[in-house]
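Report on one structure; see the data block that follows.
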Amino acid sequence: MPPSMPRRGPEMTVTESRALDEIKIGGMGASRRRVEDNRFIRGRGHYIDDVVLPGMLHMEILRSPLAHAKITRIDTSRAYQIPGVRLVLTGDMMATRNLAWMPTLSYDTQAVLATDKVRFQGQEVACVIADDPYIAKDACEAIDVEYEPLPPIVNPDQAMAPGAPLIRDDKENQHDNVAFDWEVGDKERTDQAFASADVVSRISLHYPRSHPSPIECCGSVADFDRATGKLTVYMTTQAPHIVRAAVALIAELPEHQIRIVSPDLGGGFGNKVPVYPGYVMSILASILTERPVKWIEDRTGNLISTGFARDIYLDGELALRKDGRILGVRMHTTSDHGAFFADAQPSKFKIGLMHSAFACYDVPTAHLTARGVYTNKAPGGVAYRCSFRVTEAMFFQERMVQAAADDLGMDQAEFRRMNFVRDDDFPHRTPFGFLTDSGQYAKCLQVGLDAIGYADFRAQQAEARSRGRLLGLGISTMTEPLGAGNSREYDILGIKMFDSAELRVHMTGKAILRTGAKTQGQGHETTWGQIVAHELGIPSEDVLVEEGDTDTAPFGMGTYASRSTPVAGAAVAMVSRKVRAKARKLAAHLLEVSEEDVEWELGRFYVRSNPAQGVTIQECAMAAYSNMPDGLEPGLEANAYYDPPNLTWPFACYIATVEVDPMTGVWDVLRFVAVDDCGVRINPMVVEGQIMGGLTEAYAMASMQFITFDAEGNCVGSNFMDYLLPTAWETPGWELHEVVTPCPHHPIGAKGIGECATVGGPAAFVNAVVDALGGTGVRNIDMPLLPDRVHEALTEKHDVSGAPPVKTD
Amino acid sequence: MTSLFEEITSPAASDVPVRRVTITVNGRPRTLDVEPRLLLAHLLRQGLQLTGTHTGCDTTNCGACTVLYDGSPVKSCTMLAVQADGHDVRTVEGLGTASELDPVQEGFKQEHGLQCGFCTPGMMLASRALLDRNDDPTEDEVRFALSGNLCRCTGYQNIVKAVLWAAAKQRGRAPADAGSEAPPDIPPEAGRDAAVDATQGA
């Protein structure tokens, strides 16, 4: 021990009793300014395109211009004549290494580079590795590919039509374009409920194809070192450990020689969960060239080939009693998965958590059938800012609820209130079998109604209508399952869904925390420190948070489905408690009392009989390295793997008011009130940021953002000129409110929040616009509610479908 | 081609057309030989290692690549480097100094105007251009000035507040007067409990 570091005896550790102000140390409840911002506001973030390695080559991908076509010839000779071209990879070359196809996250296969035929526009056909990305792009254009066009399929009806061309002729025993059939619920009991119903309300809906479109596209830098056998891949992934496992299994490389590093991510929203062909190609290219190979996707590649979301149709029915009680729910979904079934979701559930629908309503019975089909569109089915199809479930639920209330002539708020699960009815078994555990649904609704001025608005709406102005109000209320697992029910490719944290407290009381999650803007570097501060009294500014490097982070399932706080955040609390348990032994030693006589207050242990005599957590840390009792292992660190007992169930009530211009079909948001109950909030500022971001994506989906296809299978929405995202100018202002119902099983009472607004928000807008059209007989306009669709509904007085193909002129 | 990988003869330098340009970047003249087709964004990122300028869309829509060109915001992903010859370019790296941040940078941190941080440099430069010509903008003026920049994380509300915060600071008023700063006795780093304006607890 250096002489400057005095050995501390008990006599030196007596400190005055003090209650730490948790807010001042940046603990739970503090709107602590974010640590990560210090680099981002200086332009010093380190994103994938900022990774530069010595001798690095650049890869560009050649994509198919056709949606469905046989490949008859690929000639790369002209590409090789371009100076600076190092390698051109084609499907045949991948096939000789058994890498032309790879498994998806849904037990299907996906082409890495097409060999036999292309199955969607934008599919990867070849790639060029060159000294410079400009040269690689030039060389892509010099690759000659001959195609023999096949008829394209762009919607489920075409896919299921008799005699439809078979898209997946690569699969044995695949004789049609059906990817799966799946069902859940009690058919018999539900049939009985419908037989005894006074009223049956029916509605058919389409949730259009969308794309998460983080502002940063995907990319990777693969670096295989033949001397050491080590493969390092820097890549845009929300789940680095899953990728490491996948690479170990697919490429048959030893797992300890694979290092996946997820640098700063410029957004993810589910887009960066799957393993894409580009990553695999860059890895093989690095192995073959023995040079680091960088692949940076362009925006068109991102939009036309990487994980889409939604694209699902519903036939929904509610069995109703005259007084408004819901007696039963019937849902049939038809989902369009594109050419490969590559949904990122737990293995057991073929259509994700669609069956979480109606969890907030007290419904006796329900039955869901789901069919997934192949089409000539990009694969994916990623959970775009949602927990595996929960967005679709809650949108369908709230559109069905609105239609049912209208069919009964009931008030929208009253209908919901009557059917809510009551506060004293938890735990509650949902009609599809989930167990919800907490909530104050009626209170949240009331807070929302009071905030929007519900009665006043209805009066104003009636008065405006008499003057030809169309005002509308839309409510969306929902609870959703966030934070997969538990591990009994949730796994991806057999890997159970838990998460992890590792905490090392250094000698001077500073600490480093690593988790198996991966931040993409959610602010883990800030909020994880706040949990440590809450549990240990170490100021959060003394805690360094690191994620995303599989060589250093403990194994975890990554960040998506709002699972960071429910699972990894719980692991942070639990690992802090393990450290505290060890610190207690050190405190007892320093205080010369038995462990049972030591009490804890934030940041400090003290003697029960003499609270003035105590030691701080920092003093315990010093003792762990300089003055431990005999028999106690040195050091102050721990790791924790957390397998949640259940999902968390946040609740949200969103209310939009709109005005529709009857001349143009343009609609404006007048006000938007959001009431979120995500349990205990670690950092209110960050939580509110998540909600406002989610609401904006909800508004985007309701108003403008969708990807569609023409009859030839051309993707409409392949760049930001066609795929519209709202700017600051269009985006409405958000009014946020909160209700707090702590999660009963989470160590700090928190629930997921990152996705609630995207999940529950869209229905509020659509319900509001449909409400504004009251009296026209219009029950539905498919999203996005483009002015021409709204105008058509208003003037033709009929529902408007948005299913592809669209006409393009 | 007989094997999967063959070394290709390096191109002769004379094959590539080159143009010499001098661009003042963050106050410092830089002279470079560039291919005429090289985009300004790529020159900044790869040539000058100023990686704070990001590219997000390639079509001038997202604004992540926004830089100030003679003081005006431009999308550097659709501008050629040769077009900047003889002009002044300012990137996020030139927005503040090592020890002193631009009020816009401070505002983005104080008002939680960023999450993933990818759009942030472009957003801040577009904001700087606005405040250079109007140091007391309305919310609508801020929203309009930033309508060429996309953000997928924040929903813009906090970005608008960040710019208004910066405007207040720039005008010499304590940003607290703008109604959204932390109480002075709590250092911002240590956090605060005061609710964000938009929130009324229930």
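Coordinate-derived values only; no laboratory data. Please read all numbers here as calculations on a predicted model, not as lab measurements. As a convention, Cβ positions derive from the backbone with ideal geometry for all residues, glycine included, and neighbour counts pool all protein chains shown.
Tabulated data for the structure shown
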| item | result |
| --- | --- |
| As computed over segment A:539-619, the Cα convex hull volume per residue (Å³) | 121 |
| Convex hull volume per residue in cubic angstrom - Cα atoms of segment A:706-809 | 190 |
| Extended-chain gain in nm, criterion 0.36 nm per residue less alpha-carbon gap, residue A:798 and residue A:510 | 97.2 nm |
| Backbone HN-Hα couplings from phi across segment A:490-498 [Karplus 6.51/-1.76/1.60, Hz, Gly and Pro as x] | 10, 8, 10, 6, x, 7, 5, 9, 10 |
| Semi-axis lengths, Å, segment A:295-431, gyration tensor of Cα atoms, sqrt of 5 times eigenvalues | 33, 15, 14 |
| Exposure proxy order (Cβ contacts within 10 Å, fewest to most) of A:797, A:496, A:377 | A:797, A:496, A:377 |
| Loop sites in segment A:585-615: trypsin sites (Lys or Arg not before Pro), DSSP, at most 14 other Cβ within 10 Å | A:608 |
| Principal axis box of segment A:116-185, alpha-carbon based, largest edge first, Å | 56, 32, 23 |
| FRET efficiency for residue A:546 and residue A:596, using Cβ-Cβ distance with R0 set to 35 Å, rounded to 0.05 | 0.45 |
| Förster-model FRET efficiency, 30 Å R0, residue A:661 and residue A:407, C-beta, rounded to 0.05 | 0.65 |
| Extension gain (nm, one decimal) between residue A:170 and residue A:187, 0.36 nm per residue minus Cα-Cα | 2.6 nm |
| Qualifying trypsin sites (Lys or Arg not before Pro) for segment A:294-352 [loop in DSSP, other Cβ within 10 Å: at most 11] | A:322, A:348 |
| Residue-averaged beta-carbon neighbours from other chains (10 angstrom radius) around B:38-51 | 2 |
| Kyte-Doolittle at least -0.5, axis length at least 30 Å by Cα - qualifying DSSP helices, chain A | A:570-591 |
| Pairs beyond 19 Å (Cα-Cα), from A:518/B:109; A:187/A:322; B:109/B:161 | A:518/B:109; A:187/A:322 |
| Computed label-point distance, nm, for sites residue A:148 and residue A:422 using a 7 Å Cα→Cβ extension | 6.9 |
| Pairs beyond 32 Å (Cα-Cα), from A:582/A:751; A:751/B:75; A:24/A:578; A:496/A:578 | A:751/B:75 |
| Rule-of-thumb Rg ratio for segment B:18-94 [Cα; 2.2 N^0.38 Å; N residues] | 0.96 |
| Coil-residue chymotrypsin sites (Phe, Trp or Tyr not before Pro) of segment A:146-225, DSSP, other Cβ within 10 Å capped at 12 | none |
| With 10 Å bins from 0: P(r) over segment A:443-599, alpha-carbon pairs, percent | 9, 27, 21, 17, 13, 9, 3, 1, 0 |
| All lysines inside 18 Å of residue A:230 as judged from Cα atoms, apart from same-chain residues fewer than 8 positions distant | A:294 |
| Estimated 222 nm signal from helices in the protein assembly as shown, with DSSP H stretches of n ≥ 4 weighted -39500 (n - 2.57), rounded to 500 | -7500 deg cm²/dmol |
| Distance-filtered residues of segment B:114-154 - backbone nitrogen under 16 Å, label point 7 angstrom along residue B:78 Cα→Cβ | B:147-150 |
| 47 Å tail of the calculated P(r), chain A, as % of Cα pairs | 25 |
| Neighbour net charge for residue A:339 - beta-carbon separation under 11 angstrom, K R +1, D E -1 | +1 |
| J(HN,Hα) series, segment A:159-167, from Karplus relation 6.51 cos²θ - 1.76 cosθ + 1.60, nearest Hz, glycine and proline x | 5, 9, 5, x, x, 4, x, 7, 6 |
